[in-house]
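Here is the structure we will look at.
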Amino acid sequence: MATMESIKPTEQREDERNGSRCSFVITGFGPFAGVPNNPTSTLISCLRNNKAQLLEDGVHIRETHILDTSAEAANFEIQGIYSRLCSDKLNKDGDDKSYDCSTKDVIVMLHLGVNYRGKKMQLEQCAYNDATFRVPDNNGYQPQQICILGNSSTFGQCLRTTLDLNEICTELQQQGQSACCISQDPGRFVCNYTYCLSLDQCQSVNDSLEKNMQQSTKQLVGCHSLFLHVTPFAEISEDNQLGFIVSLLKLIDKSISQKMKNGTTTKTSVG
């Protein structure tokens, strides 16, 4: 259902020796109604092709995926990705060993989607527990005012990323990325659907990490999620978008590394 590429174990060990705090899982989408050539598919392919160079630059891409633009695919792939993260990051032996963020990666989920009317690169601050699709997805599914997270959750509930987008956006703009902006509205189509699932799963992973930590160890968040809405290439070129994403990855790594150094604790905000 999705294509995936994983960093080889030898490369992961090299990345750890270089002191990187983050590894990234990056997703994009295939075509959907009105968008026969999704730019996020192209961007994912470019990131794969430049994997070795990115690793040399300190950017560790753990996995890449191109998702079908459907709620079913989002559910299947997001659950699968987070299940692998849990099996990799949580202690499998059932003992009380803590998760040591000083020696293991913090995982950052970066989801890419296209705003086909967009003019800027939008860092999405939040997702909403609201599946109200303006058009059917690729499976013909068109929910209206349905909870994404199930019957036990509140319709329309807002989930926010734990990343400091004000800091990241400001630094990107200072680097000349003037097209960067922060958005509070990811729409209510498959992009929002995917982001809502991811933020919810991210919080579940972090809660599990916290439960499995020794009482004497400060909590450090092990997982973050962010959605980036890109523009059509006619608005911002492929090369410029790729450069923006690489700069974004480096700044996320920098921001998290600094907060880990300072012992900062963050959790997914729900409002």
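Each value in this text was obtained by applying a stated rule to the coordinates, not by laboratory testing. Because the structure is predicted, anything quoted here is derived from the model rather than measured. Quick reminder, even Gly has a Cβ in these numbers, built from the backbone with ideal geometry, and neighbours come from all protein chains shown.
Listing for the model above:
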quantity: J(HN,Hα) series, segment 205-211, from Karplus relation 6.51 cos²θ - 1.76 cosθ + 1.60, nearest Hz, glycine and proline x; calculated: 4, 5, 5, 5, 4, 4, 5
quantity: By average C-beta atoms within 10 angstrom, highest first, the peptides 75-85, 133-143, 182-192; calculated: 182-192, 75-85, 133-143
quantity: Global geometry of segment 119-176, whether rounded, prolate or oblate, following the gyration tensor of its Cα atoms and the 1.5 cut on a/c; calculated: oblate
quantity: Under 5 Å, built H, 5+ apart or other chain: amide partners of Met109; calculated: Val25, His224, Ser225, Leu226
quantity: FRET efficiency, 1/(1 + (r/R0)^6) with R0 22 Å, evaluated for Glu56 and Glu167 via beta carbons; calculated: 0.30
quantity: J(HN,Hα) series, segment 110-119, from Karplus relation 6.51 cos²θ - 1.76 cosθ + 1.60, nearest Hz, glycine and proline x; calculated: 10, 9, 9, x, 9, 9, 5, 9, x, 10
quantity: Environment charge of Asn38, counting only residues whose C-beta is closer than 15 Å and scoring Lys/Arg +1, Asp/Glu -1; calculated: -3
quantity: Estimated FRET transfer efficiency when R0 is 35 angstrom, pair Arg48-Ser178 (beta carbons, to 0.05); calculated: 0.80
quantity: Tensor-based shape of segment 161-213 (alpha-carbon gyration tensor, a/c under 1.5 rounded, otherwise prolate or oblate); calculated: oblate
quantity: From phi via Karplus (6.51, -1.76, 1.60), per-residue ³J(HN,Hα) for segment 137-150 in Hz, x at Gly/Pro; calculated: 6, 5, 9, x, 7, 9, x, 9, 6, 10, 5, 6, 8, x
quantity: Efficiency of FRET from Cβ geometry, Lys211 and Arg84, R₀ 22 Å, rounded to 0.05; calculated: 0.70
quantity: Other-chain or far-sequence residues with amide H under 5 Å of His65's (modelled H); calculated: Ile26, Thr27, Gly28
